[in-house]
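Input: a single structure, listed below in structure tokens.
The values are calculated or read from the model by the stated rules, or taken from the named source; none is laboratory data. Note that the coordinates shown come from a computational prediction; the quantities given were computed from them, not determined experimentally. Using ideal geometry, Cβ is built from the backbone for each residue, glycine included, and neighbour counts are taken over all protein chains shown.
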Amino acid sequence: QVQLVESGGGLVQAGASLRLSCVASGQAFSTYVMGWFRQTPGKEREFVAAASRSGETARYGDSVKGRFTISRDNARNTVYLQMNSLRPEDTAVYYCAAKGGFALEDASNFYGTWGQGTQVTATS
């Protein structure tokens with residue numbers, strides 16, 4: 001089982017960019033589908049993006065398509081989320097998650113391992 005640690009969050013102005021990183025410890029990182037989710041107080045966790053085991057295939061939530069890009073470096077056990085053109089509504093705690101299998105699921109209950117989260121705040 002992997003353990004996940006996110007970093008890269010921060011406070012930025014609307015329109016700016018941030019890159020989140022999630023480093024996995026443990027074995028067999030390349031056997032996990034990796035996802036990013038986000039959550040604001042009082043709301044359910046929202047799907048942001050997922051990457052296949054090889055990183056060749058990605059899936060995005062509708063609200064971030066065209067602005068966010070997920071990628072992974074299996075040699076470094078790391079998955080990234082490049083966030084461009086940030087909006088105030090992107091403000092949330094962002095979580096990295098891992099799941100077995102091959103499907104790029106958008107439901108959080110399919111992911112068995114989670115990081116501690118990193119705060120992203122975009123101000124207008």
Residue within the stretch 69-79 that is modelled with pLDDT of 95 or more, closer than 14 Å to R38 by Cα and not hydrophobic (A, V, I, L, M, F, W, C) present
no
Determine the pairs where a residue that is free of Cβ contacts under 8 Å to residues at least 12 places away in the same chain, located within the stretch 103-117, has a partner that is of a type outside the set (S, T, Y) with Cβ atoms under 6 Å apart, the partner being 6 or more residues away or on another chain.
F110/K99
Applying the selection to the stretch 19-60, what residues are part of a strand (DSSP E or B), surrounded by fewer than 21 Cβ atoms within 10 Å (Cβ to Cβ) and touching a residue at least 40 places away in the same chain (Cβ under 8 Å)?
R19, S21, V23, S25, Q39, E46, A58, R59
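Mind checking which residues of the stretch 74-124 are aliphatic (A, V, I, L, M) and part of a loop (DSSP other than H, G, I, E, B)?
Residues satisfying the conditions are A75, L86, A103, L104, A107.
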